[in-house]
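The values are calculated or read from the model by the stated rules, or taken from the named source; none is laboratory data. Computed from a predicted structure; not experimentally measured. Cβ coordinates were reconstructed from backbone atoms using ideal geometry, including for glycine residues, and neighbour counts include every protein chain displayed. Heads up: the accessible areas ignore ligands, DNA and RNA and are worked out on the full protein's heavy atoms, side chains in. Shrake-Rupley method; radii C 1.70, N 1.55, O 1.52, S 1.80 Å.
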Amino acid sequence: MLGLKLVDETVIGRARTLRKKITSGDRILIILDNIWEGIELTSIGIPRFNELKRCNSKVLLTTRKRDVCYRMQCQASIRLNTLTEQDSWKLFAKEARNSFKTSTFYNKARQVSGECGGLPVALKAVAKALGDKELDEWNKAAERLKVSQPPHPEDEKVVFECIKLSYDYLKSDVSKSCFLLCCLFPEDYDIKIEDLLKYGIGKGLFEESNMQNARDTIHTIIESLKDSSLLLDAKGIKGCVRMHDVIRDVAIQISLQFFVRAGCELQYWPRIDAGKGYIAISLMKNKICTLPAEHLVFPKLHILLLQSNIMNNIPVSSFQRLKALRVLDLSYTAISLLPTSFNLLTSLHTLYLDGCLSRISNISLLGQLKKLEILSMRELPLLKLPKEIGQLTTLRMLDFTSVCVDIVPSKVISNLNKLEELYIQCDFADWGSKAEGSEVKRNTVEESEAEGAREETNASFDEFTSLLHLQILKVFISDPKCLPTDVEVKSNWKSFDICICRDPSIRESLLDPSSPLDSKADSKALTLDTTMDTLPKWFTDVVTKKTEKLQYRNCRGLVNVLKEYYQGTLHSLKYLHVIGPSDKLEQLMTTITPIPNEPVFENLEELHLDGVNCLKELCVGELPNQSLCKLRLLEVRGCPELMNALLQSNLLKRLPNLEKLSCEEMDKLEYVFSYEGSEVEQSTLTELIEMRLENLGNVIKIWNGPAPCEIFCHVKTLVVFECNKLKNLFTSDIAHHLHDLEDLSVEACLGLERVIEASEETVNDKIVLPKLKKLALKKLLKLTRFYGSTGSATNDEECIEFPLLEHSHVERCHIFNSPAKDMLVSMMNKQPVLIPMQERGPRDGPTLSRRR
């Protein structure tokens, strides 16, 4: 918000930069939220009181502890009081969603609301817990809260009892256990739902027959916990949740057998009373270097979370007395050797070794963990997958995404006959090849079988197809030759992400090991640098028929995606992305040869074309009726040979549901839309709500040919950038029907003379854009009028109206006459944000474009 980049890595350096920025500014408000102890503000770059006063700046902090205000010498302390009785009831009734029809019920609800002490977090928790309960439950809750309440409502016991009540009303023990698992993570932490799933499976919470059912269960539980106000959505992070710090404190108090010191900056192993019978210990995200020299004595311990510490050593005997341990997380540590006592963890069901900085030399010890169900080794330096992994016959999930593995021995994966989920998206992709040390040579499956036991062979792809319980497969394959030509697939892959690509840099670009898995979506994705005719028939039946997301990356043999559609039987396809360069794809779809009179791409929702360097047209010929009928998004970028019009008559009438169109970086394109017939079908583009036209240096008009007046009637957002040959955006006939336009941004269109062009018949007609809220006109050097025609003397102010305009941004429009600018001010209902014309960069100002 200060426009400041803190590039210095040291605390002192960053503090110095921040202090300089604050003292050189004026009227800056600095907010420090949720302070638990006194802070020396100068140590983090916030100037002292007198310096702040000189630059008219202030510091505001919030805290639950009054003595923090005293220690930090606050000039004023403002107590945030609890809610009044009336406000408490309003919040309570809203969250409970209950009409309280009888007077008895209403009075009891008012009593329960009063027992919450005016604390919002308590009011919400209790209201959500009791909202759908009968009167007798409300009576019990009222009595319980009345007995437990202290004389002062602000006492923390009020919060505890209210949240504990909400916890007690959870419908199942599994829901309660999942809730308590969340308190093992640090305060304000984005908790991956997948971690809760894996910990829960390790702890034995789910009795479901398979992992996908367990995943569905935990997603249902998470939604119910959010509905109960016991969990929150993560801030913009998919697949994660958060726990309010007050709720977390209560959860830790409820779980008396949990020892939690997560994210506390600990440098040494803390003192833990072994006599308290802890079942979970969480020391994640600290700075602990090593475990105690003596063995850990926690006979009832089920969960031990040590991830994200700097430990590089685990004493030999550490795990001797942890025979009940079921979940162990050692991710993102620097351990290079597993202790010999590791093989005594005979009850271990879930093990994380993600991102360990060193190569673990004795990882073959894992073969002795006979009850292991979840093994995660993401981002682990590992040259060879140990053969001993094949001894883990109870394994249900194996994940070595982003592992630097060179050799995957044969007969390892095929031994894992209970495996349900397999994630092998790593730099290894040469299935069925010959392995010599760390070097891998291409070899056919037949050659490998002939050589037999003379040399080690990497696993063949048919080891996957023999796994009866496999439901999720994520794997890289270097070449279609790695696939067996004829195989019987015994499993039913409900979710897959398969990449067949020779270029390792492309495979690497598809990896994001830090992102949480979201397998709940049941994604079915396929990435190819080859065409469908190179794939065996069994693969078409098992994979391509079910594929919903298809990417072609550098597929130089691609000629016609219609041919791919028929050969791959792509009836389920929802998302198609073609990324160049390409040698032969001059027409995306060609229907010159006879095709069946049945719709094609009938379920496609998104079409992306990026860098297809030789593409000249999107479609040649007529597509059958109902083809592309569900397409919502079309994005075309960096196709320099695309000429004439992007969407011509044959495609326009097939896009009744198109909502978003993005067209960027085309040098030869002359029109965005072109219609050659005498009358456009009424259903054409009626759902279009957003258009982005950028770097189209040769575009003369947006629409060429006869256009129905209603063509853009639902467009809400229009961004036009660097379209230098455009002289106007719309004719007045179309402008009369821009009923939904809310955001219009036109920038760096050097030839634009008017935004709306009037004809001789309509030059005196008044144009009203009834919903326009934001208008940006930037670097339009030839713009003289917003609306009008050549030689027209009528003022814009008399002929154009924006009744809801809130923000205008006019910049570097040097001959845009003064009355026109004044008109924008006079039309504002609210205080406008007016930026005077001045020399600024063309990219300054509001961010209205995806790429900007």
(message) If I go through the range 572-585 residue by residue, how many of them are open to solvent by 50 Å² or more (accessible area, probe 1.4 Å) and modelled with pLDDT under 95?
(response) 2
(message) Looking only at the range 319-344, filter to residues that are over 36 Å from the mean Cα position of the chain (by Cα) and open to solvent by less than 10 Å² (accessible area, probe 1.4 Å); which one of those is farthest from F400 (Cα to Cα)?
(response) L322
(request) Might you check whether a residue that is surrounded by 14 or more Cβ atoms within 10 Å (Cβ to Cβ), more than 40 Å from the chain's Cα centre (by Cα), modelled with pLDDT of 85 or more and of a type in the set (A, V, I, L, M, F, W, C) occurs anywhere in the range 794-808? (result) no
(request) Provide a single number: the residues in the range 168-185 that are surrounded by 21 or more Cβ atoms within 10 Å (Cβ to Cβ) and not in a helix (DSSP H, G or I). (result) 1
(message) Exactly one of these conditions fails for L744: (1) under 23 Å from K773 (Cβ atoms); (2) open to solvent by less than 40 Å² (accessible area, probe 1.4 Å); (3) assigned to a loop (DSSP other than H, G, I, E, B). Give me its number.
(response) (3)
(message) Within the range 487-505, does at least one residue satisfy the condition of being crowded, with 16+ Cβ neighbours inside 10 Å and either without any contact (Cβ under 8 Å) to a residue 12 or more places away in the chain or in a helix (DSSP H, G or I) (or both)?
(response) no
(request) Quickly run through the range 218-248 and pick out the residues that are open to solvent by 40 Å² or more (accessible area, probe 1.4 Å) and in contact (Cβ under 8 Å) with a residue 12 or more places away in the chain. (result) S224, K226, D227, L232, K235, I237, K238, H244
(message) Which pairs turn up if I take residues in the range 720-747 that are over 11 Å from C709 (Cβ atoms) and among the hydroxyl-bearing types (S, T, Y) and look for partners that are modelled with pLDDT under 95 and not in a loop (DSSP other than H, G, I, E, B) with beta carbon separation below 6 Å, at least 6 apart in sequence or on another chain?
(response) S745/A776
(request) Could you tell me whether any residue of the range 715-726 is of a type in the set (K, R), crowded, with 22+ Cβ neighbours inside 10 Å and at pLDDT 90 or above? (result) no
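Look at S402 and say whether it is buried (at least 17 other Cβ atoms within 10 Å of the Cβ), farther than 30 Å from S209 by Cα, of a type in the set (G, A, S) and modelled with pLDDT of 85 or more.
Criteria not met by S402.
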(request) Take the range 532-551 and flag every residue that is closer than 21 Å to N603 by Cβ and assigned to a loop (DSSP other than H, G, I, E, B). (result) L535, K545, K546, T547, E548
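Restricting the search to the range 279-290, which residues are touching a strand residue (DSSP E or B) at 6+ places or on another chain (Cβ under 9 Å) and either open to solvent by less than 10 Å² (accessible area, probe 1.4 Å) or modelled with pLDDT of 95 or more (or both)?
So in the range 279-290, the residues touching a strand residue (DSSP E or B) at 6+ places or on another chain (Cβ under 9 Å) come out as 279-284, 289-290.
The answer is I279, A280, I281, S282, L283, M284.
Okay, residues lined up against (1) modelled with pLDDT of 90 or more; (2) over 30 Å from T290 (Cα atoms); (3) of a type in the set (V, I, T):
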position: L184; (1), (2), (3): yes, no, no
position: D188; (1), (2), (3): no, no, no
position: D195; (1), (2), (3): yes, no, no
position: F206; (1), (2), (3): yes, yes, no
position: D227; (1), (2), (3): no, yes, no
position: I237; (1), (2), (3): no, yes, yes
position: V241; (1), (2), (3): yes, yes, yes
(request) Identify the single condition in (1) surrounded by fewer than 17 Cβ atoms within 10 Å (Cβ to Cβ); (2) out of contact with any Ser or Thr (no Cβ under 7 Å at 6 or more places or on another chain) that D529 does not satisfy, given that it satisfies every other one. (result) (1)
(request) Scan the range 645-668 for residues that are closer than 16 Å to T590 by Cβ and either part of a strand (DSSP E or B) or of a type in the set (A, V, I, L, M, F, W, C) (or both) and jot them down. (result) L651
(request) Return the only residue of P599, P594 being at pLDDT below 95, within 28 Å of F496 (Cα to Cα) and more than 32 Å from the chain's Cα centre (by Cα). (result) P599
(message) Could you tell me how many of the residues in the range 161-182 are of a type in the set (F, W, Y) and either modelled with pLDDT of 90 or more or within 29 Å of the chain's Cα centre (by Cα) (or both)?
(response) 2
(message) On the basis of being among the charged types (D, E, K, R) and surrounded by fewer than 16 Cβ atoms within 10 Å (Cβ to Cβ), does E687 make the cut?
(response) yes
(request) Look through the range 315-331, keep the residues that are in contact (Cβ under 8 Å) with a residue 40 or more places away in the chain and part of a strand (DSSP E or B), and return whichever of them is nearest to I363 (Cα to Cα). (result) D329
(request) Could you please find all residues in the range 345-360 being open to solvent by 10 Å² or more (accessible area, probe 1.4 Å) and either more than 35 Å from the chain's Cα centre (by Cα) or within 16 Å of K323 (Cβ to Cβ) (or both)? (result) T346, S347, H349
(request) Give me the pairs, please: first residue somewhere in the range 20-32 and closer than 19 Å to M72 by Cβ, second residue anywhere and exposed (fewer than 13 other Cβ atoms within 10 Å of the Cβ), beta-carbon distance under 7 Å, and either six or more positions apart or on two chains. (result) L29/L60; I31/L60
(message) Could you check the range 361-383 and list, in sequence order, the residues that are surrounded by 18 or more Cβ atoms within 10 Å (Cβ to Cβ), closer than 20 Å to A429 by Cα and either at pLDDT 90 or above or out of contact with any helix residue (DSSP H, G or I) (no Cβ under 8 Å at 6 or more places or on another chain) (or both)?
(response) S376, M377, R378, E379, L380
(request) Within the range 631-670, track down each residue that is among the charged types (D, E, K, R) and either surrounded by fewer than 16 Cβ atoms within 10 Å (Cβ to Cβ) or over 26 Å from H571 (Cβ atoms) (or both). (result) R637, E641, E664, E665, D667, K668, E670
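Identify, please: which residue in the range 452-469 is assigned to a helix (DSSP H, G or I) and open to solvent by less than 50 Å² (accessible area, probe 1.4 Å) and is, among those, modelled with the lowest pLDDT?
For the range 452-469, the residue satisfying everything is G452.
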(message) Can you pull out every residue in the range 61-79 that is of a type outside the set (K, R), under 23 Å from D245 (Cα atoms) and surrounded by 12 or more Cβ atoms within 10 Å (Cβ to Cβ)?
(response) L61, T62, T63, V68, C69, M72
